[in-house]
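Undergrad: Quick one: the structure is below, and I'll ask about it shortly.
The values are calculated or read from the model by the stated rules, or taken from the named source; none is laboratory data. All values derive from a computational prediction rather than experimental measurement. Reconstructed Cβ throughout: ideal geometry from the backbone, glycine too, with neighbour counts over all protein chains shown. Heavy atoms of the whole protein, side chains included, go into the accessibility calculation; ligands, DNA and RNA do not. Shrake-Rupley method; radii C 1.70, N 1.55, O 1.52, S 1.80 Å.
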Amino acid sequence: MRNKIAALGACWLMLLIAWPHHLLAQSSTDEQLANLYFQDRDFEKAAYYFEKLFDANPSNQYYQPLLTSYIETGEFKKAEKLVKKRIKTNPGNLAFQVDLGYVARKAGDDNEAKSQYQKAIKALPANQQSVLDLANAFLGKNESTYAEETYLHGRKMFDGIYTFNMELAEIYSQAGEYMKMFDEYLGLIDQNPSYLQTVQNALQSKLANDMNGQRRALLKTILLKRIQKYPDAVVYSELLIWYYMQEQEFASALIQAKALDKRLHETGERIMNLGYIAEENGASDVAVDCYQYVIDKGKNSYYYADARIRLLGTLYAQVTGSYAPDQAKITDLKSRYIKTLSELGIGNQTALLACKLAHIEAFYLHETEPAIQRLQDLLTAPGISKQNQAQVKLELADIYVYTGERWESTLLYSQVEKDFKNDPIGHDAKLRNARLSYYMGDFNWARAQVDVLKAATSKLIANDALDLSLLITDNQDGDSLDIPLHIFARAELLTYRNLDSLALLTMDSITTKYPSHALADEILYRKAQIMEKEGKFEQATEFYQQIVVQFGTDILADNALFRLAELYEEYFKNPDKAMELYQQLMVQYQGSMFTVEARKRFRALRGDKLN
């Protein structure tokens, strides 16, 4: 008997242990089925399982899909009963009041929906989070009008403490009511100008996809009107300057910046910053005006010396960046450098100015002796940092290459490389030294050096190293003589020394003696560059075109095609032809390093708004 009782007890114990697991397994199955039917939009079956789940565990996890299932199947009475039950157990949660109005809306009773929505809004406590939660509940039901009303009601309750400008602006943005959107953003900085950066970030986002320019034009009009109406509100002028800079209308930005600088008696910092940005974006004329404005403030201005230096840098880029630069402009640029150095003195701040002056003298005016003397004096001047001394040595070495003094050059390059072994300037020195060895025909040593630099942190140095390595590797004949490559390297050195006529004759000798040599595309490319340098753009395009047609599968084809497109865009002012060539590059050379830039330029020529 005891054994029977014990066995019966054990059986009941097993049942009690297994029972919760059975319930858990059943619940898990019901949930899987509920979710499966819900995803398949079989809401009738989904409702059956969610009812069971909700009865066992009345949580939001099951409430929301059950409510949706009732609404989708037209069971509005069940939906209403479900929501009212939630309101009874959660009287402070106004989102359920929104659900009740939403059920009425779906049932076709708009008056009841409005009544429930208004009831929720009127019940709002003076709590910021409650306002946000209720508005989000409305937005979740696509009731943006009532979300707007919620924020406006909250604005009244808080009476200027919290005005929900950003939230309202987002609603107006979604509705396409851009006038109201801009008013909200400007209203925020009306209250507190320190929110200017926040508003600028938001506006940048809203203007990014303004394909037809409607929003940008509207913002400009609003800002101009506000500046006229509230001339003492500096924040509007600052925002207009920002707007012009976004549109790359730097000349207009400068007009506004000058007005603010004068009105606020500023030091010129605003104008200098505008100059930097204009310069970086290719608006060098505006950058020159910016720096000159600061210079005109006088020598006691805080930014006077910096403006003088930046002005020369911009003018240098303008003059030397053009092909076949005008000698009169070069001479004038030299005079400006001499005058500035005379005024500011020789020191660490002006060391690189002296370098640029020496470069002008040597490479553009062929005055190598005074240039060398200037740099040698600079190396012994007191107070020059090691970094700037290294730059002076590199410039001096370059001039020695120009004058044919190879050993002086390589000594200086090696000094900089040794002193800055793991620094970009050291890598630059190593690359220049390798290129010098290439000019001299020591190809194996040059290639060994640049192969090390292909992993340099500077992308520009790494790319240049790779180009030189490929040039040597692809064009060595393997017979230890490498005569064509020797001749080509000599031609490149002549080009470096501005002896272009001799360089062309030297390259022609390769074509005559070795007509089928692998250097053919390189020769055409260098000839095109020389033609550009001399301002002979028609001849340059002919050479680039030859490369594209005759050597379309070689390494320089995409370079030539991109440069050809640039010439048609910038010099021949033929945007249609430029677009055609950019598109050809994107299609035929999808892996090219120029593809991204080609796509950008193509879109700009097509009229797309780029940000």
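Undergrad: What full-extension length gain, to one decimal in nm, is calculated for D110 and M157 as 0.36 nm per residue of separation minus the Cα-Cα distance?
TA: Gain in length upon complete extension: 14.2 nm.
Undergrad: Considering every Cα-Cα pair within the range 392-443, what fraction, in whole percent, is farther apart than 14 Å?
TA: The share of Cα pairs beyond 14 Å in the range 392-443 comes to 43 percent.
Undergrad: Across every pair of different alpha-carbon atoms, what Kirkwood hydrodynamic radius in Å does the range 398-487 reach?
TA: 13.3
Undergrad: In nm, to one decimal, how far is the L470 label point from the K84 one, both placed 7 Å along Cα→Cβ?
TA: So the label points at L470 and K84 sit 7.7 nm apart.
Undergrad: Follow-up question, since we're still on this one. How many percent of Cα pairs in the range 81-127 exceed 15 Å?
TA: Counting pairs separated by more than 15 Å, the tail of P(r) holds 39 percent.
Undergrad: Compute the distance in nm between two label points, each set 7 Å from the Cα along the Cα-to-Cβ direction, one at S342 and one at L218.
TA: Computed distance between label sites S342 and L218 equals 5.8 nm.
Undergrad: Can I ask one more? Using R₀ = 22 Å, calculate the FRET efficiency as 1/(1 + (r/R₀)^6) where r is the Cβ-Cβ separation of V596 and I277; round to 0.05.
TA: 0.50
Undergrad: Can you check how the C-alpha radius of gyration of the range 410-543 compares to 2.2 N^0.38 Å, as a plain ratio?
TA: 1.10
Undergrad: In the range 279-327, what trypsin sites (Lys or Arg not before Pro) fall in a loop by DSSP, with at most 11 other Cβ atoms inside 10 Å?
TA: K299
Undergrad: Report, in debye and to the nearest 20, how large the dipole of the range 438-495 comes out about its Cα centre when Lys and Arg carry +1 and Asp and Glu carry -1 on their Cβ.
TA: 240
Undergrad: Please give the residues of the range 351-394, grouped as numeric ranges, whose backbone N is less than 11 Å from a label point set 7 Å along the Cα-to-Cβ vector of E405.
TA: Only 368-376 fall inside the zone, counting backbone N under 11 Å.
Undergrad: Also: Residues of the range 369-421: accessible area per residue at 1.4 Å, in Å²?
TA: Accessible surface, normalised per residue, equals 53 Å².
Undergrad: On to the next question. Semi-axes of the equivalent ellipsoid for the range 468-607, please: Cα gyration tensor eigenvalues, times 5, square-rooted, ordered largest first, whole Å.
TA: Its equivalent ellipsoid spans semi-axes of 29, 17, 11 Å.
Undergrad: Based on the Kirkwood radius over alpha-carbon pairs, what value in µm²/s does the Stokes-Einstein equation return for the translational diffusion coefficient of the chain at 20 °C and 1.002 mPa s?
TA: Rounded, D is 68 µm²/s.
Undergrad: Report the full-extension gain for the segment L36 to L505: residue separation times 0.36 nm, less the Cα-Cα distance, to one decimal in nm.
TA: Gain on stretching L36 to L505: 160.9 nm.
Undergrad: Right, another one. Mind checking which of S335, V131, L274 is farthest towards the positive end of the chain's charge dipole, using Cβ charges of +1 (Lys, Arg) and -1 (Asp, Glu) about the Cα centre?
TA: Result: V131.
Undergrad: Can you flag which of K225/K262; K52/K81; K84/K122; K356/K533; K297/K386; K356/K573 are past 25 Å Cα-Cα?
TA: Beyond 25 Å between Cα atoms: K297/K386; K356/K573.
Undergrad: Same structure again: Quick one: pull the percentage of alpha-carbon pairs in the range 235-380 with a separation above 25 Å.
TA: 35
Undergrad: Can you return the aspartates and glutamates within cross-link range of K418? Criterion is Cα-Cα under 16 Å, with same-chain partners fewer than 8 residues away left out.
TA: Partners found: E408, D428.
Undergrad: Under 18 Å Cα to Cα from K220, which lysines show up? Leave out anything in the same chain fewer than 8 places away.
TA: K180, K206, K229, K609
Undergrad: Here is a further query. Share of the range 458-611's accessible area from carbon and sulfur, percent, 1.4 Å?
TA: Looking at the range 458-611 in its full context, I get 53 percent from C and S.
Undergrad: Another question, then. Measure off 7 Å from each Cα along the Cα-to-Cβ vector at Q327 and E247, then give the distance between these two points in nanometres to one decimal.
TA: Using points 7 Å along Cα→Cβ, the separation is 4.4 nm.
Undergrad: Report the equivalent ellipsoid semi-axes for the range 218-310 in whole Å, largest first, defined as the square roots of five times the eigenvalues of the gyration tensor built from alpha carbon atoms.
TA: 24, 16, 8
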